[in-house]
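Here is the structure we will look at.
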Amino acid sequence: MGKKPLLKRENLPVSDRLENFHYKNPAPGRLDVFLVACLPEFSRSRLQGLIADGFVLVDGEPARKAGQQVENGVTVQVRIPPPMPVGLEAEQIPLDVVYENKDLLIVDKPAGMVVHPAAGHDHGTLVNAVLGYDPEIEGIGGEERPGVVHRLDKDTSGLIVIAKNDRAMNWLQKQFKERLVEKHYLALVDGAPPTPAGRVEAPIGRDPRDRKKMAVVPAAKGREAISEYFTVEAFRKHTLLDVHILTGRTHQIRLHFAFLGCPITGDSVYGHRKLTIPLERHFLHAHQLRIVLPGEKHPRMFEAPLPAELAQALDALRQA
C-alpha cells in the first residue's frame, strides 16, 4: 500500500487550521514533545488528544502514538479543528466583568453562583453566563468547563479568570500550576486565630467519614495545602483576615480556619451550626488577584470590592 496523501487545505472545513513542521535534529525525539515546542499555545495533553484522534500525520501516515519517535527530516502535519461544542446552554445572565481583552475575562462572581454545571446545577452557572456573554469560548480547554482556569465555591464571591482561547488557557494554567498567581481573600472568622498573623500548613483530602466533604488529614492521605493570613480588623467576637493561599485545594480556607478553631463566619458545613451574625452565605470573598496576562512580562493586580451584604455585616460589627 502507498502512503496516504497529506491532508489538503482545500478539503478542510474553513474553520480548521493546518500546520506543517519539519523535524531537524540528528537525534530522534518524541512526537508529542516536538509538537509542544512547535505549538506552545496548546497543552501537551491537548496535542496528545489530537494525535490519538488522527489529526497528526508523520510523512503522510497517521501518527501511531504520542510517544512515537520522529527522525531527522520528516514532515509532521497537524490539523487543528475548531473547539467542539459541549452541549452547554448559553444564558443571558448579567456578568460583572472587571477586565477583558482578546485572551481572557476576569469576572467578579456573586455568591450563590456555581462556577460550572454539575449534578443539581445544570443552569444558572458562571459557565452558562459566560457562554451567553461570549459564545466563542465554548469548547476552550477541551472539556465541559469551557474557559475555566480555576474555581471558587458556590457561596464564595470574587475574582475568577476565564480563558478565551487555548493559548491563554495553557498560559494561565501553567501559572496556577507553578504557583505564580497571587490570590488574596477577605475572610471574617468567628473568634480569632491563635496569632494575629500566621501560616497554616495542613494537608487536605476527602473526609473519610463523609465523602461529600473535605477534611484536614494526615500528609500520607492528602495533598499539601498552605495558607497565610494577617489580621485586618479585630472585633469583640470576630476577626477580619486577609488570607493569601499558596495552594488551591478544595475548601482550603474554610478547612484551615476551622482547623485553627476560628471557622469562617456563616459556614454551615465546616463552621458553627448556629449563625453568629445574620448572613445568608459564608463571609469569604476573593478580593485580589495578581497575575501575568498572556503575552506580558509583568504581573497586574486586579481587585473586587466587598459585596454589599458583607460590607453591611462589617458595619454592623463596628457599631455593636
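No lab work stands behind these numbers, since they all come straight from the coordinates. Owing to the predicted nature of the structure, the values given are computational and were not obtained by experimental measurement. Don't worry about glycine lacking a Cβ; one is built from the backbone with ideal geometry, like all the others, and counts go over all protein chains shown.
So here's what we get for this one:
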item: HN-Hα J in Hz across the stretch 233-250 - Karplus 6.51, -1.76, 1.60, θ = phi - 60°, x for Gly and Pro; result: 7, 10, 10, 5, 10, 9, 9, 8, 10, 9, 10, 10, 9, 9, 10, x, 7, 4
item: Unit charges at the beta carbon, dipole of the chain: most positive-side option, 115, 257, 128; result: 257
item: Approximate spin-label separation residue 274-residue 19, in nm, with each point projected 7 Å along Cα-to-Cβ; result: 6.2
item: Table column - 3J(HN,Hα) (Hz), the stretch 282-296, Karplus curve with 6.51, -1.76, 1.60, x for Gly and Pro; result: 7, 8, 8, 9, 7, 9, 9, 9, 10, 8, 8, 6, x, x, 9
item: Net charge dipole size for the chain [Lys, Arg +1 and Asp, Glu -1 on Cβ; Debye, nearest 20]; result: 1060
item: P(r) of the chain over all Cα-Cα pairs, binned every 10 Å from zero, in whole percent; result: 5, 22, 27, 22, 13, 7, 3, 0, 0
item: Along each principal axis, Cα extent of the stretch 11-80, largest first, Å; result: 36, 23, 20
item: For the stretch 179-320: relative contact order, % (alpha-carbon pairs under 8 angstrom, 6 or more apart); result: 26
item: Residue 235 long-range amide H proximity, modeled H, under 5 Å; result: 240
item: Residue 69 versus residue 315: modelled label distance in nm, points set 7 Å from Cα along the beta carbon direction; result: 7.2
item: Burial ordering of 105, 18, fewest other beta-carbon atoms within 10 Å first; result: 18, 105
item: Contour minus Cα-Cα distance for residue 246 and residue 178 (0.36 nm per residue); result: 23.5 nm
item: Residue-span extension gain [residue 151 to residue 102] - 0.36 nm each, minus C-alpha spacing; result: 15.5 nm
item: Per-peptide average of other Cβ atoms within 10 Å, ordering 307-316, 258-267 highest first; result: 258-267, 307-316
item: Over 24 Å between alpha carbons, listed pairs 109/237; 102/154; 24/164; 109/177; 174/212; result: 109/237; 102/154; 24/164; 174/212
item: At 0.890 mPa s and 25 °C, Stokes D of the stretch 273-320 from Kirkwood alpha-carbon radius, µm² per second; result: 184
item: Relative packing of peptides 124-137, 229-242 - highest average C-beta neighbours within 10 Å first; result: 124-137, 229-242
item: Karplus (6.51, -1.76, 1.60) ³J(HN,Hα), θ = phi - 60°, over the stretch 147-160, in Hz, Gly and Pro reported as x; result: x, 6, 9, 8, 10, 10, 4, 3, 9, 9, 9, x, 6, 9
